[in-house]
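Report on the structure given below.
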Amino acid sequence: MELLGLSLAMVGLFVGFGLLIGVLFGFFGMGGSFLVTPALLVMGYPTRVAVGSGLAFVFGTSVIATLKHRDLGQVDYKLGLLMIVGTTAGIEVGKETVVHLESLGLAGSIISVTYVFLLGGIGAFVTYEAVKGDGGDGGIDHDAAEEPADADDIPEIAKKIQSYNVPPMIDLRGGVTVSLWMILGVAFATGLLSGFLGVGGGFIRMPALFYLIGVPVPIAVGTDLFEIVFSGGLGSFLYALDGGVDLSIVVPLLAGSAFGARIGSAATSIVDEEEIKVYFGLMLLGGSLAVAVREIGNVYEIPILNRVSLALILGSALLVSGAVVYSSITALREESRTASPTVE
Amino acid sequence: MIEAGSLSASIDGATLIGAVLLEAIILYGVYGVVEDVLGQRVVNRLRTT
């Protein structure tokens, strides 16, 4: 029996894979094309279809995850729109830089090395910051989105950036006030890296929103997803023009990820903020290792390393999404245990 | 002047992305109903098991 031109087993595989990615996407606001495109390439889909369908899937999942984060009060639309402006300009400059490097014959190696070090560097930094933190107080109060953030929770770099009083000053959710030019500067820098590396940029933007601008992590995730709706929508439309979007891939993936994104988004309100950062960091470190292995395979023409790379990406995604679900269940039980004595 | 071919490709592309957007919104609504009906029961079960 076939569905959408695929065997039932294949549809089941895509739905399951979508569920896994949905949990990560809803929880971190990243991970879509990072996981889907390499998997589709290894499955034998042409590059154009793998990238285009991956982008269309990211677009659909980001719509669902953004709607869910909006329900939880975790999307700052003003910040999101400003980020879109700065990011778009940065992407254009990043793409031009790639064209220039290509003319010098240096693009491939420089981009690969930058990607590995950036993923690994952000991963190590986020993990270190989370591990040395005080552990937080467990869970995130969504009603507190409009209240001023605790000064101890704002990273030092963000405090420095917020201290530059260059008008106009913009009030953001979480009680953050920062110069418009600082927001545009951060957005431009993340867009530059995104355009240079040819990636969606969630793994750069989400930590940048928290560490550089100082918005609370859940709002950083929700606002990042809001921006991905636009970048993913435009990117998938451009690929769809050339027939690069295959609905038989996107439909089952989205059916799974829609459910996973609900679990992931809901988990951000249950799991401790420091734990979110640890998982995010570990996921990036796993991704960095996977990209390094793939590049070594490409340079030395060892095809098996491509599969090892995919196994590393999928393995770290499975481990991290499993840890998110496990932490949520543990937090719920802990909450239940601490609440019971006061009831009796 | 817009060529007929590129206009047709744009309409096809927009239809495809519109279909993805529609699926996303429908899934959001359907899973939302499922969450409303079963969500609290699942959370309670997870808390007690």
Revision key, fill the gap. Of (1) open to solvent by less than 20 Å² (accessible area, probe 1.4 Å); (2) hydrophobic (A, V, I, L, M, F, W, C); (3) in contact with a Lys or Arg (Cβ under 9 Å, 6 or more places away or on another chain), A:A50 satisfies every one except (3)
Check your understanding: Counting only residues that are over 14 Å from the mean Cα position of the chain (by Cα) and modelled with pLDDT under 80, how many does the stretch A:272-290 have?
Key -> 4
Review point. Taking the stretch A:88-111 as the search range and keeping residues that are among the β-branched types (V, I, T) and within 26 Å of A:E295 (Cβ to Cβ), which one is surrounded by the most Cβ atoms within 10 Å (Cβ to Cβ)?
Key: A:I91
Check your understanding: Which one is most open to solvent (accessible area, probe 1.4 Å), of the residues in the stretch A:213-222 that are farther than 21 Å from B:L27 by Cα, out of contact with any strand residue (DSSP E or B) (no Cβ under 7 Å at 6 or more places or on another chain) and not hydrophobic (A, V, I, L, M, F, W, C)?
Key -> A:P216
Exercise for review: Test A:A339 against the stated conditions and say whether it is within 30 Å of B:N44 (Cβ to Cβ), open to solvent by less than 70 Å² (accessible area, probe 1.4 Å) and within 14 Å of another protein chain (Cβ to nearest Cβ).
Suggested key: yes
Check your understanding: Is it the case that the stretch A:231-252 has a residue that's within 30 Å of A:A331 (Cβ to Cβ) and either more than 10 Å from every other protein chain (Cβ to nearest Cβ) or without any contact (Cβ under 8 Å) to a residue 40 or more places away in the chain (or both)?
Key -> no
Practice item. Looking only at the stretch A:59-72, decide whether some residue is outside any helix (DSSP H, G or I), more than 14 Å from chain B (Cβ to nearest Cβ) and in contact (Cβ under 8 Å) with a residue 40 or more places away in the chain. Key: no
**Study point:** Test: A:G235 is at positive phi and either not in a helix (DSSP H, G or I) or not aliphatic (A, V, I, L, M) (or both)
**Key:** no
Revision key, fill the gap. Given the conditions (1) more than 9 Å from chain B (Cβ to nearest Cβ); (2) more than 20 Å from A:L192 (Cα to Cα), every one holds for A:F210 apart from (2)
Review point. So which residues in the stretch A:241-268 are open to solvent by 30 Å² or more (accessible area, probe 1.4 Å), outside any helix (DSSP H, G or I) and in contact with a helix residue (DSSP H, G or I) (Cβ under 6 Å, 6 or more places away or on another chain), if there are any at all?
Key: A:D246
**Study point:** Inter-residue pairs, beta-carbon under 8 Å, first modelled with pLDDT of 80 or more and in the stretch A:87-113, second outside any helix (DSSP H, G or I), 6+ apart
**Key:** A:T87/A:G201
Review point. A:V308: open to solvent by 20 Å² or more (accessible area, probe 1.4 Å), assigned to a helix (DSSP H, G or I) and touching a helix residue (DSSP H, G or I) at 6+ places or on another chain (Cβ under 6 Å), yes or no?
Key: yes
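The values are calculated or read from the model by the stated rules, or taken from the named source; none is laboratory data. All values derive from a computational prediction rather than experimental measurement. All Cβ positions, glycine included, derive from the backbone under ideal geometry; neighbour counts span all protein chains shown. Calculation scope for accessible area: heavy atoms of the full protein, side chains included, ligands and nucleic acids excluded. Shrake-Rupley method; radii C 1.70, N 1.55, O 1.52, S 1.80 Å.
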